[in-house]
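The values are calculated or read from the model by the stated rules, or taken from the named source; none is laboratory data. Given the structure is predicted, the values throughout are model-derived calculations rather than measurements. Positions of Cβ are backbone-derived with ideal geometry, glycine not excepted, and every protein chain shown enters the neighbour counts.
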Amino acid sequence: MQPLKVLSVFGTRPEAIKMAPLVKMMEKDPRFSSRVCVTAQHREMLDSVLALFDITPWKDLNIMKHGQTITDITVRTLAGLQEILKDYRPDYLLVHGDTTTTFVASLAAFYEKIPVGHVEAGLRTGNIYSPYPEEMNRRLTGTLATLHFAPTQQNREHLLKENVAPDQIFITGNTVIDALLSVIQPDYDFRDEKLNRLVSEREAHPLVVMTCHRRENWGAPMEQIFEAVCRLARRYPHYRVIYPVHLNPAIGKLAETTLGREPNVHLIQPLDYAPFANLLNAATLILTDSGGIQEEAPALGKPILVMRTETERPEAVAAGTVQVTSVETEAIFRAAVHLLDDPVVWEKMARAVNPYGDGQASRRIGEALLYGAGHLSAPPDKWEGERKNNRDYC
């Protein structure tokens, strides 16, 4: 039997992180003929992940341009993939999650009648403009996909409500746990003396790690978020807040003029994946408007406050390890104070259920691809969501 030809297409750092363990698994398995095409919707951030996981793309569309719009990304990706798919014709095209690259690559494959496998399928907020444009990207990709790799049972239920056939959905867990567990180290060297010092002193000066960059939070919502963090910094002067600031100049300017005034808030450059994951592992509390961190923090046993109005990852909210605060200053501040002032509440949140995986998602996806192509007689085992923290797997 010929190896299954799989072309994985991704373009951003989060996609690369979550696709890397799957790509590496297929590289080692003779049942697959695996190739990678990157769009470079992000450039430097993508390249750092490719280097970390030793992935060399077969094709690189290199579409990133300064000041690019969503339309620019769409047009250049669709045009760039057209000839590649016509010539190579993989058995499956794999995409991940919710980026514009994901949707457009799925559309390009549909035009060539190539089946699409959607990794991290079935996440929904119910609001097409939040997160924007990610929510609609996910829905459109779900419409185009043949195989749906849902991290959780709830994701499967979303797909069933959208009339996806049950035998096309596989519950696999999330590949981000596979990636995360591969880079966490107990005595990680950050290669930055300031970060090493901050982490080494965390017993006396606990760390709050924050990220804030979402498009729907630009402007007034981000001002409210930063004001909440300023209030926290003043209330807890012995704590240290570390914020890897997004490269968007508008975000950087606002961060400097607000958060930069607080002596215990440390604004740093964006981190590559391995140091960032290990920084999360050193935190007492995580504040974020990101999506992927909502999956990573539960695996590390870290309470997380999500500074958004809704989340497409409600499983961790239901489990108790994530709380959605809204973007209002007072709500964020009160939620953080409640956690930091009450060790019982903090411990309960830190020890809550991790619903996202056991580090075996890549294997399950690979087996589902082989099963879908008729190369295996039985489907993969299903991720059931064990009632323990993923720290137990480390």
Among the residues of segment 229-256, write down those that are among the small types (G, A, S), in contact (Cβ under 8 Å) with a residue 24 or more places away in the chain and more than 24 Å from E201 (Cβ to Cβ).
A250
Give segment 233-253 a look and list any residue that's of a type outside the set (G, A, S), assigned to a helix (DSSP H, G or I) and modelled with pLDDT of 95 or more, or say none.
R234, R235
For segment 152-163, check the following and say yes or no: at least one residue is of a type in the set (V, I, T) and more than 18 Å from T311 (Cα to Cα).
no
One residue from R308, R313, R261 being of a type in the set (K, R) and in contact with a Cys (Cβ under 9 Å, 6 or more places away or on another chain):
R261
Residues being free of Cβ contacts under 8 Å to residues at least 60 places away in the same chain and of a type in the set (D, E, K, R) - total across segment 257-277:
2
Restricting to segment 134-146, and then to whatever is touching a helix residue (DSSP H, G or I) at 6+ places or on another chain (Cβ under 6 Å) and surrounded by fewer than 24 Cβ atoms within 10 Å (Cβ to Cβ), can you tell me which residue is nearest to T39 (Cα to Cα)?
N137
Yes/no for E262 being surrounded by fewer than 19 Cβ atoms within 10 Å (Cβ to Cβ), at pLDDT 95 or above and of a type outside the set (S, T, Y):
yes
Would you point out which residue out of A79, A40, A105 is outside the structural domain of G291 (by TED's automatic domain parsing), assigned to a helix (DSSP H, G or I), crowded, with 18+ Cβ neighbours inside 10 Å and not aromatic (F, W, Y)?
A105
Does segment 1-37 hold any residues that are touching a residue at least 60 places away in the same chain (Cβ under 8 Å), assigned to a loop (DSSP other than H, G, I, E, B) and surrounded by fewer than 21 Cβ atoms within 10 Å (Cβ to Cβ), and which are they?
M1, D29, R31
Considering every residue within segment 125-137, establish whether at least one is at pLDDT below 95 and in contact with a Pro (Cβ under 9 Å, 6 or more places away or on another chain).
yes
Can you confirm whether segment 92-99 contains a residue that is touching a helix residue (DSSP H, G or I) at 6+ places or on another chain (Cβ under 9 Å), surrounded by fewer than 24 Cβ atoms within 10 Å (Cβ to Cβ) and in a loop (DSSP other than H, G, I, E, B)?
no
In segment 63-75, which residues are at pLDDT 95 or above and either closer than 16 Å to E44 by Cβ or part of a loop (DSSP other than H, G, I, E, B) (or both)?
none
Of the listed residues (A233, A228, A250), the one being at negative phi, exposed (fewer than 15 other Cβ atoms within 10 Å of the Cβ) and over 21 Å from the mean Cα position of the chain (by Cα) is A250
Residues of segment 328-355 being outside any helix (DSSP H, G or I) and either buried (at least 22 other Cβ atoms within 10 Å of the Cβ) or polar (S, T, N, Q) (or both), which ones?
N354, P355
